[in-house]
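Here is the structure we will look at, set down as structure tokens.
Readers should treat all values here as calculations from the given coordinates under stated rules, not as data from a laboratory. Since we're looking at a predicted model, the values are computed, not measured. Positions of Cβ are backbone-derived with ideal geometry, glycine not excepted, and every protein chain shown enters the neighbour counts.
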Amino acid sequence: MIGQGNTAEIFDYGEGKVLKLYREEKRLLRIYLAEYFKITQADRKDLLRWKLPIAAARLSEWRPEPEKKRLLKMVHQSI
């Protein structure tokens, strides 16, 4: 895979499927958030206020080890 920023060229078929799905999820998330902000009159700042409590709550649930590490890092950076 060769990439820069949000763009990438994939040469591995197996990895390519995963990356393409990830990119599609990001696109859907952007569309969803734009609509959410329009309907609720909220903004990104309002949404980010929930980052710490939600990350901490997720740590009380079973999560794969890499996700736990990512959540712990997120919590530590938010404190």
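What list of ³J(HN,Hα) couplings, whole Hz, do you get for the range 68-79 from phi and the Karplus terms 6.51, -1.76, 1.60, once you set θ to phi - 60° and write x for glycine and proline? Couplings: 4, 4, 5, 5, 4, 4, 4, 5, 4, 6, 8, 7 Hz. Arranged from fewest to most other beta-carbon atoms within 10 Å of their beta carbon, LEU59, LEU48 become LEU48, LEU59. Model label sites at ILE54 and HIS76, defined 7 Å from Cα along the beta-carbon direction, differ in position by 2.2 nm.
Using a cut-off of 27 Å between Cα atoms, the listed pairs LYS26/LYS68; LYS38/LYS73; LYS38/LYS68 include LYS38/LYS73; LYS38/LYS68 as exceeding that distance.
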